[in-house]
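The values are calculated or read from the model by the stated rules, or taken from the named source; none is laboratory data. Worth saying up front: this structure is predicted, and the values here are computed from it rather than measured. Glycine also receives a Cβ, built like all others from the backbone with ideal geometry; neighbour counts cover every protein chain displayed.
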Amino acid sequence: MKRFMLAFVVAAVLAPVAAFAGTSPSTTRAQQDCTKLRATMGSAAFYQAYATFGACVSAYTPVENQVQASAHDTCTAQQSDLTFPASHDGKTFVQYYGTGKNGKNAFGRCVSIVASANAKAEQGGRINPAQTCRSIRSQLGTALFAKTYGKNANDHNAFGKCVSATAKSQVQNEVSASSSCRSQQSGSTFAVNHGGKTFEQYYGTNADGSNAFGKCVSSTAQASSRAQGKAVVNAARSCQSEQKADPAAFKTKYGTFGKCVSTKAKSQ
């Protein structure tokens, strides 16, 4: 019986790993995203937000697909850049990235290294949805926070609902940011609109600016998420005043307090 229970526990632990075995680099990095998020948020908040680990991976895979595509473009540009040695210890592209006698794997290793650097930059700036909700609750107070995310002021699951809604919006912000940053990276007029700096120079923080895409996604998504949090706080306070002024008209217009907050927050 003990052997059976041990085998069951081992199988349960390994199941999520097996489910993603043999997956693409993008999915592997999305796994890393979700593993880090789960550790940062705590299991309870994480599963309130994503329901399953696989759902989180599916949500972040589109972002990591953009990271992979960006790394491919970066390495293509580096490979054809005649000034590459000047910023890479005097080494050619093949010498810098390649291994073995001929360095034939240089491009593939470049894509892997650059994608990893960008994923690290992107993950490093990711906002914790649970922390965002704690901040909103602190600003609004427990009762108004519960009215904002719950059905009424006594809804004890308001925090979980906030975490779930915030996590979903933050994923959407990262997906949107990754698309925006890809457009910026490939745009021919980027330097003209950014003080003469290239995309890599403007966003990058490592030696050759190769983590620029991750930094761009991180900063853009952060700005959107913070703006949304501020909008919710302002909307909740506005709804509270409107409801107090004329409860009957408020109910007719919005139905629920949460609907009022959602409507006002979107308009900001």
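Comparison of ALA167, ALA236 shows that the only residue that is at pLDDT 95 or above, buried (at least 18 other Cβ atoms within 10 Å of the Cβ) and not in a loop (DSSP other than H, G, I, E, B) is ALA236. Taken over the stretch 101-140, residues that are over 27 Å from the mean Cα position of the chain (by Cα) and part of a loop (DSSP other than H, G, I, E, B) amount to 5. Restricting the stretch 21-48 to residues that are of a type in the set (D, E, K, R) and in contact with a Phe, Trp or Tyr (Cβ under 7 Å, 6 or more places away or on another chain) leaves a set whose member that is surrounded by the most Cβ atoms within 10 Å (Cβ to Cβ) is ASP33. Can you confirm whether THR205 is under 22 Å from SER262 (Cα atoms) and either assigned to a helix (DSSP H, G or I) or of a type outside the set (D, E, K, R) (or both)? No. Within the set THR61, THR83, the sole residue that is without any contact (Cβ under 8 Å) to a residue 12 or more places away in the chain and out of contact with any strand residue (DSSP E or B) (no Cβ under 9 Å at 6 or more places or on another chain) turns out to be THR83. Is at least one residue of the stretch 49-56 free of Cβ contacts under 8 Å to residues at least 40 places away in the same chain, surrounded by 22 or more Cβ atoms within 10 Å (Cβ to Cβ) and either within 19 Å of VAL111 (Cβ to Cβ) or touching a Cys at 6+ places or on another chain (Cβ under 9 Å) (or both)? Yes, some residue in the stretch 49-56 is free of Cβ contacts under 8 Å to residues at least 40 places away in the same chain, surrounded by 22 or more Cβ atoms within 10 Å (Cβ to Cβ) and either within 19 Å of VAL111 (Cβ to Cβ) or touching a Cys at 6+ places or on another chain (Cβ under 9 Å) (or both). Each residue in the stretch 153-163 was checked for being surrounded by fewer than 23 Cβ atoms within 10 Å (Cβ to Cβ) and within 23 Å of THR220 (Cβ to Cβ), and 0 pass.
Those residues that are closer than 23 Å to CYS56 by Cβ and modelled with pLDDT of 90 or more, I need them from the stretch 138-160; list them, please.
Restricting attention to the stretch 138-160, the residues satisfying the condition of being closer than 23 Å to CYS56 by Cβ are 149, 157-160.
TYR149, ALA158, PHE159 - these are the residues of the stretch 138-160 that are closer than 23 Å to CYS56 by Cβ and modelled with pLDDT of 90 or more.
Here is the figure for the stretch 245-263: residues that are assigned to a loop (DSSP other than H, G, I, E, B) and either free of Cβ contacts under 8 Å to residues at least 60 places away in the same chain or of a type in the set (Asp, Glu) (or both) total 2. Consider ARG137 carefully, then state whether it is surrounded by 15 or more Cβ atoms within 10 Å (Cβ to Cβ), closer than 30 Å to LYS161 by Cβ, among the charged types (D, E, K, R) and touching a residue at least 60 places away in the same chain (Cβ under 8 Å). So ARG137 does not fit the description; no.
Has the stretch 210-224 got any residue that is loosely packed, with under 13 Cβ neighbours inside 10 Å, within 30 Å of CYS75 (Cα to Cα) and among the β-branched types (Val, Ile, Thr)?
No, because not a single residue in the stretch 210-224 is loosely packed, with under 13 Cβ neighbours inside 10 Å, within 30 Å of CYS75 (Cα to Cα) and among the β-branched types (Val, Ile, Thr).
Cβ-Cβ distances below 6 Å connect the following pairs, each with a first residue in the stretch 23-36 that is among the polar types (S, T, N, Q), a second residue that is part of a helix (DSSP H, G or I) and surrounded by 17 or more Cβ atoms within 10 Å (Cβ to Cβ), and a separation of six or more residues or different chains: SER26/THR61; SER26/GLU64; SER26/ASN65; SER26/GLN68; THR27/THR61; GLN31/VAL57.
Checking the stretch 41-53 against the condition returns a match, with at least one residue being of a type outside the set (A, V, I, L, M), at pLDDT 95 or above and in contact with a helix residue (DSSP H, G or I) (Cβ under 7 Å, 6 or more places away or on another chain). Pairing each residue of the stretch 89-104 that is over 17 Å from THR76 (Cβ atoms) with any residue that is in a loop (DSSP other than H, G, I, E, B), provided the two are 6+ apart or on different chains, yields C-beta distances under 7 Å for GLN95/GLY103; THR99/ASN105. Just one of the numbered conditions (1) among the hydrophobic types (A, V, I, L, M, F, W, C); (2) in contact with a Cys (Cβ under 7 Å, 6 or more places away or on another chain); (3) within 30 Å of HIS72 (Cβ to Cβ) is not true of ALA191: (2).
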